[in-house]
Amino acid sequence: MELTGKITNILPVQTGIGRSGSEWKKQEIIIQPEAAFSKVICITLWGETIDENIKRGDKISAVIDITSREYQGKWYTTVKAWKINILSASIENEVESSSVKESNDNEDKEVEELFRNDDDEDSGLPF
């Protein structure tokens, strides 16, 4: 089954050691599917499917398996992705990083103007 949507949150990577003694790692991402009136979905990435390049706001396509299991009379359902494709990078992240750079450049210019050693009496400083 394939699911397409926008990443709204990326949870931290979790690690552990299984009963067999082998290490495991998983990460959960929350996506908002493109379909009208759809709810957000938590997708679990295991091992090699964890992608360091995905970011909040990215549009992705995920090939998933939906599994349910019973434990002590309660049922638990997992949406596990075994392949993730980034369809388009987050425009918000690109805009955010460029606006942070512009903001830092403007602050640097303001600081330079404050500390410029002008001999003018009208330097704007009160002393």
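The values are calculated or read from the model by the stated rules, or taken from the named source; none is laboratory data. On a predicted model such as this, the values are computed, not experimentally measured, just so you know. Glycine gets a Cβ as well: all are built from the backbone with ideal geometry, and neighbour counts include every protein chain shown.
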Filter result (loosely packed, with under 10 Cβ neighbours inside 10 Å and within 20 Å of M1 (Cβ to Cβ)) within the stretch 49-81: S68, R69, W75, Y76, T77
Mind counting the residues in the stretch 20-51 that are of a type in the set (F, W, Y) and assigned to a strand (DSSP E or B)? 2
If I go through the stretch 20-48 residue by residue, how many of them are surrounded by 10 or more Cβ atoms within 10 Å (Cβ to Cβ) and either of a type outside the set (S, T, N, Q) or in contact with a Ser or Thr (Cβ under 9 Å, 6 or more places away or on another chain) (or both)? 20
Collect the residues in the stretch 18-33 that are hydrophobic (A, V, I, L, M, F, W, C) and closer than 16 Å to E48 by Cα, keeping them in residue-number order. W24, I29
It is to be established whether one or more residues within the stretch 69-90 are touching a Phe, Trp or Tyr at 6+ places or on another chain (Cβ under 7 Å), of a type outside the set (D, E, K, R), assigned to a strand (DSSP E or B) and modelled with pLDDT of 95 or more. no
Those residues of the stretch 2-19 which are surrounded by fewer than 12 Cβ atoms within 10 Å (Cβ to Cβ) and either at positive phi or part of a strand (DSSP E or B) (or both) amount to E2, Q14, T15, G16, I17
